[in-house]
Amino acid sequence: MVEGFLDVTVDKSDELKNFKKLAIQYYNAENFEQAQIYFSKVLEIDTTDWKATFYNGVCSSKLSNLAEFRLKDSVNSAQLAIKIIKNYC
């Protein structure tokens, strides 16, 4: 019989580091679609990463066009990044 609960945490630091590295590489290569995917993966693991939040929004603006206008996403991401900085840094 098992009594109580075990608190188990999974270390995702290596995965997080790899996602950040890939996001930056894709961003620098101006592959904003892939960069946004990896910035989003970073945010799935660490919702307080202001850089991933900010650059996720920048990618939205880079991918924006008249048919799919994403400026609001960029502004919201910038505002959220500022909020994160104020709360956690």
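Listed values, structure above:
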| item | result |
| --- | --- |
| GluC sites (Glu not before Pro) restricted to DSSP loop in the range 11-89 with at most 15 other C-beta within 10 Å | 30, 68 |
| Compactness of the range 42-89 - radius of gyration and Dmax, Cα, Å | 11.3, 37 |
| Kirkwood-based shape ratio for the chain, expressed as Rg/Rh from alpha carbons | 1.14 |
| Aspartates and glutamates with Cα under 16 Å of residue 21, excluding same-chain neighbours fewer than 8 positions away | 30, 33, 44, 46, 49 |
| Cα lying deepest toward the dipole's positive end in the chain, options 78, 53, 26, charges on Cβ | 78 |
| Relative contact order, percent, the chain [alpha-carbon distance under 8 Å, six or more residues apart] | 22 |
| Accessible surface, the chain, averaged per residue in Å² (probe 1.4 Å) | 78 |
| Dipole magnitude of the chain about its Cα centre (Cβ charges: Lys, Arg +1; Asp, Glu -1), debye to nearest 20 | 480 |
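The values are calculated or read from the model by the stated rules, or taken from the named source; none is laboratory data. Keep in mind it's a predicted model, so treat the numbers as computed, not measured. Note that we place each Cβ from the backbone using ideal geometry, even for glycine, and neighbour counts take in every protein chain shown. Ligands, DNA and RNA are excluded from the accessible area calculation, which covers all protein heavy atoms including side chains. Shrake-Rupley method; radii C 1.70, N 1.55, O 1.52, S 1.80 Å.
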